[in-house]
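Reviewing the structure listed below.
The values are calculated or read from the model by the stated rules, or taken from the named source; none is laboratory data. Remember, it's a predicted structure, so these values are computed and weren't measured experimentally. Note: ideal-geometry Cβ built from the backbone for every residue, glycine included; neighbour counts use all protein chains shown. Heads up: the accessible areas ignore ligands, DNA and RNA and are worked out on the full protein's heavy atoms, side chains in. Shrake-Rupley method; radii C 1.70, N 1.55, O 1.52, S 1.80 Å.
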Amino acid sequence: MLISSVQLPLHGRRILVTAPRNYASRLSEQLIIQGALPILMPTIETCVLENFAQLDTVLQQIDAFDWIAFTSRNGIDAFFQRLESLGLDHRVLKNCRLSAIGKDTERLAAFGAEVELTPQQPSPEGIIAELAQIPNIKEKRILVPVPEVVGVPEPDVIPNFVAGLKNLGMSVTRVPTYITRCLDKSFYEVELNLIRQGKVDIIAFSSTAEVASFSQMFTSEADYQQCVIACFGPYTAANAKKLGVNVSIIAQDYSSFAGFAEAITLFFATNR
């Protein structure tokens, strides 16, 4: 059915998307469906490791682990790309039980891997809560593929996740699987000026690292105080607030970007 853009709930809203390129397109698609005008300004990028020694050692000894806990799609992609580079396929994981969050389970399925645990609460904390219900989880060995963060302090999401797993009595190995790196603000002179001029309606953050990198691009919060801040779930929102960012929209359904777009739409429907 053909619908005039004027009738769409986010018609004419300029929404700045700070997610990395591979995520930004998926979020932008959901926003466009609602009539928004996404402005892509990735504040971080994800890329391959410069040194694979630690990851390769782990992959070649993968049978030693009872569980692998994936916390992001980037981690899944990097993990399986390196398996392939080493001439290994998903069958080497046959003795490991896998966990993933939300739609990331579909990504694992695309690599031919079977997911054992998808938490009802789509977060690392959700994984911990459900692992805690499994008998004899204590002393099980779990691998956590994580990003190597460059340019900002590591957000507390992964350290808290590792600590929670250890509190269950599990033996935890965290292994750098890809790099998350801040991007230079010099790329974004036009976009930053639009923000300062009040011509951006919403800034949409999907991770703490995006918020931290974005904050470094400004000398004062006053530069973007005219913008409504939206966060993809309560964990990103909580960390944004710790960084001094005033959050107005928090997606309650953070298992997919469709839920994020719906939260933004609902905000403007109720704040006309």
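Only Lys, Arg, Asp and Glu count, each charged at its Cβ (+1, +1, -1, -1), so figure out the dipole size of the chain about its Cα centre, rounded to 20 debye.
360 debye
Would you mind checking which residues have amide H under 5 Å from Ile44's amide H? H placed 1.01 Å from N; only 5 or more apart, or other chain.
Those qualifying (amide H under 5 Å, at least 5 residues apart or on another chain) are Leu183.
Can you send over the carbon and sulfur percentage of the accessible area for segment 151-241, probe radius 1.4 Å, protein chains only? Please report the intermediate quantities before stating the final value.
Numbers: 1890 of 3840 Å².
On segment 151-241, the fraction of accessible area on carbon and sulfur atoms equals 49 percent.
Aspartates and glutamates near Lys242 by alpha-carbon distance under 20 Å, same-chain residues fewer than 8 away left out - which ones?
The qualifying aspartates and glutamates are Glu125, Glu154, Asp156, Glu210, Glu221, Asp223.
Which of [x] 153; [y] 141; [z] 130 is the computed volume of the Cα convex hull per residue in Å³ for the structure on display?
[y]
When the label point is put 7 Å from the Cα of Leu266 along its Cα-to-beta-carbon vector, which residues of segment 92-125 have a backbone N closer than 20 Å?
The answer is 102-103, 120-123.
Take Glu139 and Gln197, extend 7 Å from each Cα along the Cα→Cβ direction, and tell me the distance between the two endpoints in nm.
Simple spin-label model gives 6.6 nm for this pair.
Taking the Cβ of Gln121 as the center, what net charge do the other residues with Cβ under 12 Å away carry, scoring Lys and Arg +1 and Asp and Glu -1? Could the numbers behind the result be given before it?
Values: positive: none; negative: Glu125, Glu130, Asp253.
Around Gln121, the charge tally is -3.
Mind checking which lysines have their C-alpha under 28 Å from Lys94, skipping anything on the same chain fewer than 8 residues away?
Lys103, Lys138, Lys140, Lys166
Which value, in debye to the nearest 20, describes the size of the charge dipole of segment 199-267 about its Cα centre when Lys and Arg Cβ atoms bear +1, Asp and Glu Cβ atoms bear -1, and nothing else is charged?
Values: 3 positive and 6 negative charges, 28 e Å.
Roughly 140 debye for segment 199-267.
For segment 152-160, in order, what is each residue's ³J(HN,Hα) by Karplus, 6.51 cos²θ - 1.76 cosθ + 1.60 with θ = phi - 60°, in whole Hz (x at glycine and Pro)?
Ordered by residue, 3J(HN,Hα) equals 9, x, 4, x, 7, 4, 6, x, 5 Hz.
Dipole magnitude of segment 94-226 about its Cα centre, charges +1 at Lys/Arg Cβ and -1 at Asp/Glu Cβ only, in debye to the nearest 20? The partial results should precede the final answer.
Values: 13 positive and 17 negative charges, 114 e Å.
About 540 debye.
Computed FRET efficiency, Cβ-Cβ of Leu8 and Asp253, R0 22 Å: what is it to the nearest 0.05?
On the way: r = 20 Å, r/R0 = 0.90.
Between Leu8 and Asp253 the formula returns 0.65.
Output ³J(HN,Hα) for segment 123-139: one whole-Hz value per residue in order, computed from phi by the Karplus curve 6.51 cos²θ - 1.76 cosθ + 1.60 with θ = phi - 60°, and x for Gly and Pro.
Once rounded to whole Hz, the list reads 7, x, 4, x, 4, 4, 4, 7, 4, 4, 8, 8, x, 6, 6, 4, 6.
On the protein heavy atoms, probe 1.4 angstrom, tell me the percent of accessible surface of segment 69-129 carried by carbon and sulfur.
On the way: 1210 of 2870 Å².
Within segment 69-129, the accessible surface is 42 percent carbon and sulfur.
Of all DSSP beta bridges located in the chain, what percent are antiparallel, nearest 5? Provide the component values of the computation, followed by the final result.
Working: 4 of 33 bridges.
Expressed as a percentage, antiparallel bridges in the chain total about 10.
Show that you can apply the helix-only estimate: for the chain, add -39,500 (n - 2.57) for every DSSP H stretch of four or more residues, divide by all residues, and state [θ] at 222 nm to the nearest 500. Write out the running numbers ahead of the final one.
Working: 10 runs with 99 residues, N = 272.
For the chain, the value works out to -10500 deg cm²/dmol.
Averaged per residue, what accessible surface does the chain expose to a 1.4 Å probe, in Å²?
Working: 13200 Å² over 272 residues.
Per-residue value: 49 Å².
Could you order Thr71, Thr118 so the one with the most accessible surface comes first? Probe is 1.4 Å. Please list the in-between numbers first.
Values: Thr71 35, Thr118 70 Å².
Result, largest first: Thr118, Thr71.
Grab the beta carbon distance between Asn160 and Ala132, set R0 = 25 Å, and tell me the FRET efficiency rounded to 0.05.
0.95
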